[in-house]
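Trainee: Below you'll find the structure I mean.
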Amino acid sequence: MPECVGALRALAAVVERVLGVDLSGLGDQELLGWVADVERLRRRVETIDHVVVAEVDRRDLPGRWVITSTHRLLGPVWGVTAGVAKTRVTHARALSPRITLTGGVLARVVRGVAVARGAGAVGGEHVRVILATLHALPTALPPEQVQAAERVLVDAARALDPHALSSVGR
């Protein structure tokens, strides 16, 4: 059995175990801490998209299946709308290492966001707000200033919901 299949089966087994736990023995603070931990893990699981999109792109599955884009290929597989699929693919590409035509690996464009997302500290909506904010910055800004803006936004995203975060980016 390929490692990826075994890993997915193990994850499914853990999810089943978690779904069957009795939370009644936890105090209020313990329960809220448990819920926060579950949210961090849920966000981490979402980043599996990054390896999926990278592999689909590496294989050029859309081209081989005569489909116009990765999000149009994966949307039906994921069971989501084209818009949701496009967002997931866009985020995966923005937060993953970039691969050159010759197979070389370039650094992530938004490393701080990628690290926070991978740790489950920020969710997809946080990423959307951060990427939109960074994209709206003047293109003439030096890279150091863009990186500083990214750090400010990621730090704020750890403490704020996406709506509140959008006000930080203004």
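Trainee: Please report the spacing between the Cα centers of the range 93-170 and the range 40-66 in Å, no decimals.
Mentor: Using only Cα atoms, the two centres lie 19 Å from each other.
Trainee: Counting only C-alpha contacts under 8 Å and six or more residues apart, can you give the relative contact order of the chain as a whole percent?
Mentor: Rounded, it is 18 percent for the chain.
Trainee: Please give the FRET efficiency for Ala54 paired with Glu144, using the beta carbon to beta carbon distance and R0 = 22 Å, rounded to the nearest 0.05.
Mentor: 0.20
Trainee: Find which of Trp65, Ala36, Val80 sits farthest along the positive direction of the dipole of the chain, computed with +1 on the beta-carbon of Lys and Arg, -1 on that of Asp and Glu, about the Cα centre.
Mentor: Working it through, the farthest residue towards the positive pole turns out to be Trp65.
Trainee: Filter the DSSP H helices in the chain by two things, a Kyte-Doolittle mean of at least 1.0 and an axial alpha-carbon span of 20 angstrom or more, and list the hits by number.
Mentor: 3-19
Trainee: Report the convex hull volume per residue for the chain, counting only C-alpha atoms, in Å³.
Mentor: For the chain, the hull spanned by Cα atoms encloses 159 Å³ per residue.
Trainee: Is there a quick way to get the dipole size of the chain? I mean about its Cα centre, with the Cβ of Lys and Arg at +1 and of Asp and Glu at -1; what is the value in debye to the nearest 20?
Mentor: Around 660 debye, computed over the chain.
Trainee: So how do Asp60, Asp49, Asp22 rank on accessible area, 1.4 Å probe, biggest first, that is with the largest at the start?
Mentor: Result, largest first: Asp22, Asp60, Asp49.
Trainee: In debye to the nearest 20, how big a dipole does the range 1-71 give about its Cα centre with +1 on each Lys and Arg Cβ and -1 on each Asp and Glu Cβ?
Mentor: 320
Trainee: Now a separate question. Take Val122, Val38 and sort them by solvent-accessible surface of the protein heavy atoms, 1.4 Å probe, largest at the top.
Mentor: Greatest to least solvent exposure: Val38, Val122.
Trainee: Moving on to the next point. Starting from 0 in steps of 5 Å, tell me what percent of the Cα-Cα pairs of the range 1-83 lands in each bin.
Mentor: Result returned by the calculation: 3, 11, 14, 18, 16, 13, 10, 7, 4, 3, 1.
Trainee: Given charges of +1 on the Cβ of Lys and Arg and -1 on the Cβ of Asp and Glu, with all other atoms neutral, how large is the dipole of the range 116-170 about its Cα centre, in debye to the nearest 20?
Mentor: 60
Trainee: Volume per residue, Å³, of the convex hull around the alpha-carbon atoms of the range 94-170?
Mentor: 93
The values are calculated or read from the model by the stated rules, or taken from the named source; none is laboratory data. All values reported here derive from a predicted model rather than from experimental measurement. Neighbour counts are summed over all protein chains in view; Cβ atoms, including those assigned to glycine, are modelled from backbone coordinates with ideal geometry. Accessible surface areas use protein heavy atoms only, side chains included; no ligands, DNA or RNA. Shrake-Rupley method; radii C 1.70, N 1.55, O 1.52, S 1.80 Å.
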